[in-house]
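Encoded as structure tokens, the structure appears first; notes follow it.
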Amino acid sequence: MSHSPAIVLYWHPLSSATPVAAALAELRVPHERVKVDIRAGEQHRPAYLALNPNGKVPTLTVDGAPMFEALAIQLWLADTYGVAQGLWPAAGTPQRLQALSWCTWAYVTYGAAIVRLQVATVGDEALRHAAHADAARAVLDGLLGLLDARLAAQPWMLGDTYSMADLLVASVVGYSAFLGAPVGGHAHVQAWLARVQARPAMQVEQAAAA
């Protein structure tokens, strides 16, 4: 790239911004970090809402231009920096189509079931419901079965080598395991998740949040 943009990550530890921070570390992208104290409500202040009207973290600014939503940010980072590093498939390849499909699957299809489980178990007390939690786990179990079948046939999401698709999908699956999704019942998923979480970029982010 002829121009190295000034990149700023607005984040909070152990939040939806953590996968973005890990992606920046994995891709070795120079950037500045600004902590947004979501416990103090800083994400609702006018200056921050001007960058992210959703009032959540993460936000990434590129030469001052903001973008939000963790999936969009990670896909942009992968496309902008990952191709040259061999960590993201080039445009026009079958692997790129698979990468986009599985990353969206993680955040949209699998993510919707995570929300169901979260609401039923750790959300507002009035909404907690054991039967709803069991139903959400059953949906997650079926989706994990799809992922397990893929990882039984190949060691990484896109084939024989690690990619940003692994980081992205594993970040979502790892969070679901924290909430009680039945990841342990799927041996290939469990082994793959451990490999991804052992990467230095993931370890650095976990240490920073501690």
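Here are a few things to note about the model shown:
- Using all pairs of distinct alpha-carbon atoms, the Kirkwood hydrodynamic radius of the stretch 51-101 works out to 12.0 angstrom.
- Inter-label distance, nm, simple model (7 Å from Cα along the C-beta direction), Gln154/Ala194: 2.3 nm
- The order of the peptides 92-101, 77-86 by mean Cβ neighbours within 10 Å, most packed first, is 77-86, 92-101.
- Accessible surface area normalised per residue over the stretch 1-136 is 52 Å², counting heavy atoms of protein chains with a 1.4 Å rolling probe.
- Taking a ≥ b ≥ c as the square roots of the Cα gyration tensor eigenvalues, the chain comes out oblate, since a/c reaches at least 1.5 and a/b does not exceed b/c.
- Ratio of the Cα radius of gyration of the stretch 9-119 to 2.2 N^0.38 Å, where N counts its residues: 1.13
- Taking the 1.4 Å solvent-accessible surface of the stretch 71-154 as the whole, the part contributed by carbon and sulfur is 61%.
- At least 18 Å along the helix axis (C-alpha) and Kyte average at least 0.0, DSSP helices within the chain: 130-153, 164-179
- FRET efficiency for the Ala90 to Leu49 pair, using the beta carbon distance and R₀ = 25 Å, is estimated at 0.10.
The values are calculated or read from the model by the stated rules, or taken from the named source; none is laboratory data. Please read all numbers here as calculations on a predicted model, not as lab measurements. Every residue, glycine among them, receives a Cβ derived from its backbone with ideal geometry; neighbour counts consider all protein chains shown. What goes into the accessible areas is simple: the full protein's heavy atoms, side chains included, and nothing from ligands, DNA or RNA. Shrake-Rupley method; radii C 1.70, N 1.55, O 1.52, S 1.80 Å.
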